[in-house]
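Data first, discussion second: the structure below is written as structure tokens.
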Amino acid sequence: MHPYRRWLSYLLIFLVVQHITIALWFDITKPPVHDEDHFVPTIHQFADHFNLETLRTYNEMNTPLPFAIYSGWGKLFGFQTISLRLLSLLIALITYVLIHQLIFTVFASGRTAFWTTVFIAVHPYMMSLSLLIYTDMPAIGFSVWACLAMLRRRSVQTAVALACAMLCRQFAIVYVVAFAAGLLFEWCWYRRKDTAGMLIACALSVLPLAGLCLLWGGLSPANVIGERYLSYPVAWHPASFVLYVAQLSLYLLPVVVLRWQAIFSRPQVLAWAVAFSALAIIFPVRVSEVAKLHNAKTVGFFATWLHEVFADPFMVNIVWLVLFIAGMAVLLTMLSKVIRKAASEQNILFELIVLAFMMIMPLSYMRWEKYFMLILPAACIAVLQTARSPRTDTSE
């Protein structure tokens, strides 16, 4: 059996067992929780009154494709919570298969693809997103598909996948920025013949989101929630940057440990990482102002756990500071690779995705650990590629 199929079969067995366990442990039949409380009514609205006015004013901040997908499923199989969550499990299954395929494409190793995908699938946030009726998993799935299409130079697929990703979550535009940056590197350094076509695909992918923004008169639907949230001025939030950089070491810890020599053995990188730690001291991780409207006390799972372990806020800040320094070393290693490898045909796509995310996401009015999941597969690949020689071995 081909190594890809063999390891994929192992993955499918693991995912089926995992999904059944999640469904039983969480109780797939329980009433809507958290954001499901307002996502489910929006899905019903899309099913019952889908028209231009609904598209203009539905009561969410996210782009509409997931609500349309769930409403279509509901019309076929029912709108009971268990039915919609079964669709979430199916979307998650497809997404993990795409992640496995992407990692195999990059590393030509069934073992690496299997274990990295398992690592991603067992992340607490990913397990939650695999079952709950949320919009994150479709965005991740389309983003991974876009990466596959980009590596294979399929311009139409790239445009469609990127457009769908942004129609699930606006900030999936980080992939467009990363792809465009990578293509511009190609154009400047070794002028691949298909670069222009791929750049056009990236540009076309933005048109559906741009059309929605024109309809909305902004970056989200014209509703009361949007007026409340977007009343805050657009700004780049250093505290958000600190949070997401810290997650490079926190949520990728096993992968970072595998590549610790390449990341932490360069004194100049460590020196710059320590120098940047001033950001974490001046702008410690805190709940965003918008989140306080919902009485949020922390920025996610890990932050909640930290506050339960340490009663002293000083100790909480110390943990974030250490994580930020380690994450900054990871980020600077990626930046160094981009600078050193841009003139060659070595792949820098995934480093660019992480860098684009770190530049763009701090512009969001909300900071939340969960948002990092959008680039978790890309970040894993980027770290695993650190100090790695090209491989073509498919024997694993």
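Just a few scattered comments:
- Hey, Ala172 closer than 11 Å to Ser205 by Cβ, assigned to a helix (DSSP H, G or I), without any contact (Cβ under 8 Å) to a residue 60 or more places away in the chain and of a type in the set (Gly, Ala, Ser) or not: no
- Residue match in region 328-336 (condition: of a type in the set (Val, Ile, Thr), modelled with pLDDT of 90 or more and either assigned to a helix (DSSP H, G or I) or surrounded by fewer than 17 Cβ atoms within 10 Å (Cβ to Cβ) (or both)): yes
- Number of residues in region 70-104 that are in contact with a Pro (Cβ under 7 Å, 6 or more places away or on another chain) and either surrounded by fewer than 19 Cβ atoms within 10 Å (Cβ to Cβ) or without any contact (Cβ under 8 Å) to a residue 24 or more places away in the chain (or both) equals 1.
- Positions within region 44-82 being touching a Leu at 6+ places or on another chain (Cβ under 9 Å), within 15 Å of Leu219 (Cα to Cα) and not in a helix (DSSP H, G or I), in sequence order: Met61, Thr63, Pro64
- Taking the conditions (1) part of a helix (DSSP H, G or I); (2) modelled with pLDDT under 90 in turn, Val316 satisfies each one other than (2).
- Total residues in region 6-55, condition basic (Lys, Arg) and at pLDDT below 90: 1
- Within region 350-369, the set of residues being in a helix (DSSP H, G or I) and surrounded by fewer than 22 Cβ atoms within 10 Å (Cβ to Cβ) comprises Leu355, Met358, Met359, Ile360, Pro362, Leu363.
- From Phe107, Phe67, residue being buried (at least 16 other Cβ atoms within 10 Å of the Cβ) and at pLDDT below 95: Phe107
- For region 4-28, residues that are within 20 Å of Ile103 (Cα to Cα) and either surrounded by fewer than 12 Cβ atoms within 10 Å (Cβ to Cβ) or of a type in the set (Gly, Ala, Ser) (or both) total 3.
- Failed condition for Leu279, given (1) surrounded by fewer than 20 Cβ atoms within 10 Å (Cβ to Cβ); (2) out of contact with any Pro (no Cβ under 6 Å at 6 or more places or on another chain): (2)
- Condition broken by Asn223, with the remaining ones in (1) within 21 Å of the chain's Cα centre (by Cα); (2) under 21 Å from Tyr70 (Cβ atoms) satisfied: (1)
- Region 288-304 - residue that is outside any helix (DSSP H, G or I) and free of Cβ contacts under 8 Å to residues at least 40 places away in the same chain and, of those, surrounded by the fewest Cβ atoms within 10 Å (Cβ to Cβ): Asn295
- Residue match in region 251-268 (condition: in contact (Cβ under 8 Å) with a residue 12 or more places away in the chain, more than 22 Å from Thr112 (Cβ to Cβ) and aliphatic (A, V, I, L, M)): no
- Entirely in region 194-268, the helices (runs of 4 or more DSSP H) that have 2 or more residues that are surrounded by fewer than 17 Cβ atoms within 10 Å (Cβ to Cβ): 195-205, 207-216, 224-229, 253-258, 260-264
- Set Gln268, Gln247, Gln261: member being modelled with pLDDT of 95 or more and either among the polar types (S, T, N, Q) or in contact with a strand residue (DSSP E or B) (Cβ under 6 Å, 6 or more places away or on another chain) (or both): Gln247
- Scope region 29-42; condition loosely packed, with under 12 Cβ neighbours inside 10 Å and charged (D, E, K, R); matching residues: Lys30, Asp37
The values are calculated or read from the model by the stated rules, or taken from the named source; none is laboratory data. The model shown is predicted, which means the values in this text are computed figures rather than measured ones. Reconstructed Cβ throughout: ideal geometry from the backbone, glycine too, with neighbour counts over all protein chains shown.
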